[in-house]
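None of the figures in this text is laboratory data; all of them are computed from the coordinates on show. Computed from a prediction, not measured in an experiment: that's the story for all the values here. Glycine gets a Cβ as well: all are built from the backbone with ideal geometry, and neighbour counts include every protein chain shown.
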């Protein structure tokens, strides 16, 4: 599994992420949360080599990530970003199947895997022939998820996957995503800035601020035993406002 | 003895039966003004009458181009003037007279034939009417009229024996000096845009337009005796041809040359007919049928010109695509090299087309090859820059997605980055192609043919119809290329990108 040992990343003298130790627990969902610019995306990037650590190291199955090992490691880590990051010149199916094609999968294996994933993500099968520009935001996100799942990876990394969706679509997709994570038993790292989403998904949470870990633990730990006044402030700031009486 | 006799007989038979030596091949060059073309035609006709296979590369771009081509051996002979040799091409040698000139040329493997009989000196002229009103008869008189507008051919304007020297010798102060094509300068003079211009003493226009030739009262201009300048190896390779050239010695005086010029420029006769008629009358040289006679019908001229033009543009563009796209990719992959690559192709682009063509001659000679090389260099920038820009411009989330997927560099390029950059790359190729169609017309200056040939001849003969015969097809071809690429875009650019920015999500 994936392990970070004192891994850190600086830009100039500024620490985008201070040295961090972390080991992913198989089958669990880890949520990384914090305000904008806290280092969430940097942490995720360290995990799949999009960001190079300038201190410490990142190991995948005990082997440090390096130019020689990164390709194989990435193929075992699905990655989903906001809006899906789809390739606009390929159809939905083309996006999902791209890596399998490069790896030389036979056509019928690709086709059956595509159908399987479309069912799993509630994506209409005839939509596989459409181009990203012809899909809705929620559909793009489903395609992005299918693409990440195509090779049945060990780990799923998701960077604000639902950040750009309207509330109803977001609500439905949250449910579907959690079902998928549970049914497939995937190890998941999900980045969000939304505390309720974090609470919904998390087996454990890491709260970051200015590139440093403020607290790690379960949702209950953060709520009931905040390590720092900032934790309480961060949680309270996201409480629905009609509960505290300040809503008009 | 029994063996030797038949052997000797056989040897004798072989000697007798061996075919005559293959005809010598002679390439004649001429400059892009009528007198030079007529003299070139004469040299070609004489060489042909002496049994040589002759090619006449007419209307090459200027003294430097012909001189370099002769030194390289791309041409064997061209008409030149002693004054030009002494005062311009070999100015640094300070050659006192023509005898010394012959010795200097011999050191370079060149031979100057005997003078043809006329001195086509540079001269300064004005419309008779203007000269009379201002009271100007000599070059010295120009000093009293500093307001005059001067218009000089670009060669004269810059040559050591041209305007710079003249200005210094006579102490002229006119500030309003324009450079323009010699043949167009006459139009400017008649229209009143310029008042004083440089002349060649045998120009047909002097009589025709009533131009007063100002007396060179300080004796500034050297003599410009017309000669045929040829390579020394011609004497060995084709002695009969050299002998035929010598028959022209002293046979053309100034009046005769001016008349020949007028027959072409004012009476519309062809260079070849004028040259042939003169040779028949003066030297009783019969016209030998030749293979590259002027085709008369428009379509018969247009066909080969179109083919030449397409070959120039097509080959140079294809080579540029093969080189420039990888250059653009390299500039993208290796950021350090990238700036260097883009800077170099950018600098190439700033070299003026004519200068680039002239630079090519010492390397590649004259003809289509150096022209294609120059066009190739010009095509590099738009294609390289657009390839680079297309790749660099790919949105960061897409680049990251491709990386995170675990694709190698090659797969990322082929499957993601190049398809996404395709519209810009294609636009770069289109730009290069359209520019090439236009720039290729300059190729005629170094003997590459194409539509530029008609334009050059048209300018020389002041024949607007002929200019259009080159200019219109070139413009049409540029449009065809433009639309062709827009059509090609549909097949090259992935459909997912063509859905376009206007398509809203459902």
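Points to keep in mind about this one:
- Protection proxy ranking of A:229-239, A:38-48, B:411-421 - average other beta-carbon atoms within 10 Å, highest first: A:38-48, B:411-421, A:229-239
- Area projected by the alpha carbon convex hull of chain A, averaged over all directions, nm²: 15.0 nm²
- Two-decimal ratio, the range B:296-497, of alpha-carbon radius of gyration to 2.2 N^0.38 Å: 1.18
- Whether the range B:205-290 is rounded, prolate or oblate, judged on the alpha carbon gyration tensor where a/c under 1.5 counts as rounded: oblate
- Inter-probe distance in nm under a simple model that places probes 7 Å from Cα toward Cβ, at residue B:369 and residue B:137: 5.7 nm
- For peptides B:166-174, B:58-66, sequence by mean Cβ density within 10 Å, most packed first: B:58-66, B:166-174
- The range B:122-214 shape via C-alpha gyration tensor axes, a/c threshold 1.5: rounded
- Under the shape rule built on the C-alpha gyration tensor, where the axes satisfy a ≥ b ≥ c, chain B is oblate, since a/c reaches at least 1.5 while a/b does not exceed b/c.
- For the range A:18-138, alpha-carbon Rg over 2.2 N^0.38 Å: 1.26
- Modelled FRET efficiency - R0 56 Å, residue B:479 with residue B:99, Cβ distances, 0.05 increments: 0.45
- Structural descriptor for chain B: relative contact order 17 percent, calculated from alpha carbon pairs under 8 angstrom and at least 6 residues apart.
- Note that the protein assembly as shown shows a convex hull volume over its alpha carbon atoms of 309 Å³ per residue.
- Antiparallel DSSP beta bridges within chain A, as percent of all bridges there, nearest 5: 50 percent
- The distance separating the Cα centre of the range B:429-458 from that of the range B:40-102 comes to 25 Å.
- Measuring nothing but how far apart in sequence close Cα pairs (under 8 Å, 6+ apart) lie, relative to its length, the range B:296-497 scores a relative contact order of 25 percent.
- The range B:122-214: antiparallel DSSP beta bridges as a percent of all, rounded to 5: 65 percent
- Among the residues of A:128-140, the average count of other protein chain beta-carbon atoms within 10 Å of the residue beta-carbon is 3.
- With each label modelled as a point 7 angstrom along the Cα→C-beta vector, the residue B:176-residue B:318 pair spans 5.3 nm.
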